[in-house]
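Taking it in order: structure first as structure tokens, then the write-up.
The values are calculated or read from the model by the stated rules, or taken from the named source; none is laboratory data. This structure is a prediction, so every number in the text was calculated from the model and none was measured. Here the Cβ positions follow ideal geometry from the backbone for every residue, glycine too, while neighbour counts run over all protein chains shown.
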Amino acid sequence: MNMQEVEHIEIKVHDRASMDYCITAAVDRMIESAGRQQTRGILVTRLGDGHFVVGLSNAVPFGYTEQLDLRRQTT
């Protein structure tokens, strides 16, 4: 079976249970893609409340998953 490579998955959710489920599913899918390439790790980026992007990143070593929070901080 030849699976199409996935570079990133955008996630928009409205509750915590959906967030956990969707991020886990996206990371699992990225693990498959990363395993075939064996050159990049996985980066989970939080863009805002309930808005995430999960993707392969050259900045993350193969075999690792890292998180980045880019939400605007309110003071």
**Item:** Filter pass, residue 3 being at pLDDT 95 or above, among the aliphatic types (A, V, I, L, M) and either out of contact with any helix residue (DSSP H, G or I) (no Cβ under 6 Å at 6 or more places or on another chain) or on the phi > 0 side of the Ramachandran plot (or both)
**Value:** no
**Asked** Are any residues in the stretch 44-66 surrounded by 13 or more Cβ atoms within 10 Å (Cβ to Cβ), out of contact with any helix residue (DSSP H, G or I) (no Cβ under 8 Å at 6 or more places or on another chain) and closer than 18 Å to residue 13 by Cα, and if so, which ones?
**Response** 45, 46, 47, 51, 53
**Request:** Kindly indicate whether any position in the stretch 27-42 is in contact with a His (Cβ under 6 Å, 6 or more places away or on another chain), modelled with pLDDT of 95 or more and surrounded by 13 or more Cβ atoms within 10 Å (Cβ to Cβ).
**Result:** no
**Request:** Consider residue 66 carefully, then state whether it is of a type outside the set (Ser, Thr, Tyr) and either touching a Pro at 6+ places or on another chain (Cβ under 6 Å) or at pLDDT 95 or above (or both).
**Result:** yes
